[in-house]
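The values are calculated or read from the model by the stated rules, or taken from the named source; none is laboratory data. Fair warning: this is a prediction, and the values are worked out from it, not measured in the lab. Every residue, glycine among them, receives a Cβ derived from its backbone with ideal geometry; neighbour counts consider all protein chains shown.
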Amino acid sequence: MPRRVALAHDYLLVMRGAERTFREMAAVWPQAPIHTLLYDERGTHGAFSDRRVVTSPLQRLGIGQDRFRSLLPLYPWAIRAVNVQPHDVLVSSSSAFAHGLRAARGARHVCYCHSPFRYAWHDRADALRELPRPVRPALALALRRHRGFDRRAVARLTGLIANSAVTQERIRRYWGREAPIVHPPVDVERFGPSGGGDDLLYVGELTRHKRVEVALEAAERAGRRIKVVGEGPDLPRLRRRFQRSAEFLGRVDDDRLQHEYGTSSALVVPSVEEFGIVAVEAQAAGCPVIAADGGGAKETVRPGETGWLVPPDDVDALTATLRRPIDAFDRAAMRRNAERFSATAFRARLAETVDAIIEGAA
């Protein structure tokens, strides 16, 4: 008898890396109901409009991407309040909360982990700095409680899958569990050959932990223009500080993003990423990558062949690298490197790994 599968993701409000990964996860099990804290069909461009999406009680508040952080203390309660549909196997996609969804009695629960919740485990200081001082104690308490929530949730899991080596190590360090690696999918087919350009490019959220200011400061020192794709709480401050050397484009659709990759001289990734989908997207479009030497970049960027790696948070080193000529990279080699992370390969590896975990626990 075929297994009944249910799926879960933290929240489906926009289409960023984790949501694109979850879209491919959902394609592996096309009949599975989807569970999530919050859902915005328009914000996710209808990617899940043909699926049954079950949300938490918080859905009725109408919270969008611009306000979802304000409900942080409520999410551990809300994920446990989701009405989970009947299943034999629950596959969750989590960077914070979805792994806390309670599987049915006797069912197996496998979590694809993008990272243990960064603000509770390894970026707590950044989370507190982003808020006014009077509310920091409340957030600190919520993050301490989240660690307890994580430990209880992880203890109930049948198994975990890590999206990269750095996530695998964090799972081992924080939670004491082992996890095989299945790298996230990248839709490399939607990117074609490019002719490059003069401007640098940054793609991602504008938050402190993304170290965007490091990239913008280095570009300014190197005398290079840089385009910034993305939004976030640091946008007003960064726009004021770098108004002469940076162009802020906000969020863009897929067609515009493809255009930006294809007309940029290099993508700059200043933060240490768990994986870094944008770095693979850029290479698929023939755009070299200059990234912080750590995390997923060590798995996706081949120094001297598809880009360069520089010490994290070292503005001087990044400035020097941005001054180097970057027109000698082989665009065909970048494309071949990116194809290792195709959506087709991801779906096959994910299904095989989930089955192996379930069979191993039988």
*Every residue from segment 230-248 that is touching a residue at least 24 places away in the same chain (Cβ under 8 Å) and not charged (D, E, K, R)*: 230, 232, 233, 235, 238, 242, 245, 246
*Counting only residues that are in contact with a helix residue (DSSP H, G or I) (Cβ under 6 Å, 6 or more places away or on another chain), within 17 Å of residue 65 (Cβ to Cβ) and touching a residue at least 40 places away in the same chain (Cβ under 8 Å), how many does segment 197-208 have?*
2
*Subset of segment 165-189 that is of a type in the set (Gly, Ala, Ser) and at pLDDT 95 or above - its residue that is farthest from residue 273 (Cα to Cα)*: 176
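When you check residue 271 against the structure, is it within 29 Å of residue 117 (Cβ to Cβ), of a type in the set (Ser, Thr, Tyr) and touching a Lys or Arg at 6+ places or on another chain (Cβ under 8 Å), yes or no? Steps first, answer last, please.
Values: within 29 Å of residue 117 (Cβ to Cβ): yes; of a type in the set (Ser, Thr, Tyr): yes; touching a Lys or Arg at 6+ places or on another chain (Cβ under 8 Å): yes.
Yes, satisfied.
Suppose the filter is closer than 28 Å to residue 122 by Cβ, surrounded by fewer than 20 Cβ atoms within 10 Å (Cβ to Cβ) and modelled with pLDDT of 95 or more; does residue 237 pass it?
yes
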*Find the strands (runs of 3 or more DSSP E) located wholly in segment 217-322 whose residues include 2 or more that are within 11 Å of residue 203 (Cα to Cα) and within 21 Å of the chain's Cα centre (by Cα), and list them.*
226-229, 246-250, 266-269
*Restricting the search to segment 266-281, which residues are of a type in the set (Gly, Ala, Ser) and modelled with pLDDT of 95 or more?*
266, 271, 279
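Okay, residues lined up against (1) at pLDDT 95 or above; (2) over 25 Å from residue 106 (Cα atoms):
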residue: 32; (1), (2): yes, no
residue: 39; (1), (2): yes, yes
residue: 42; (1), (2): no, yes
residue: 52; (1), (2): yes, no
residue: 56; (1), (2): yes, no
residue: 63; (1), (2): no, yes
residue: 73; (1), (2): no, yes
residue: 86; (1), (2): yes, no
*Within segment 49-72, identify whether any single residue is touching a residue at least 12 places away in the same chain (Cβ under 8 Å), among the charged types (D, E, K, R) and over 25 Å from residue 173 (Cα atoms), and answer yes or no.*
yes
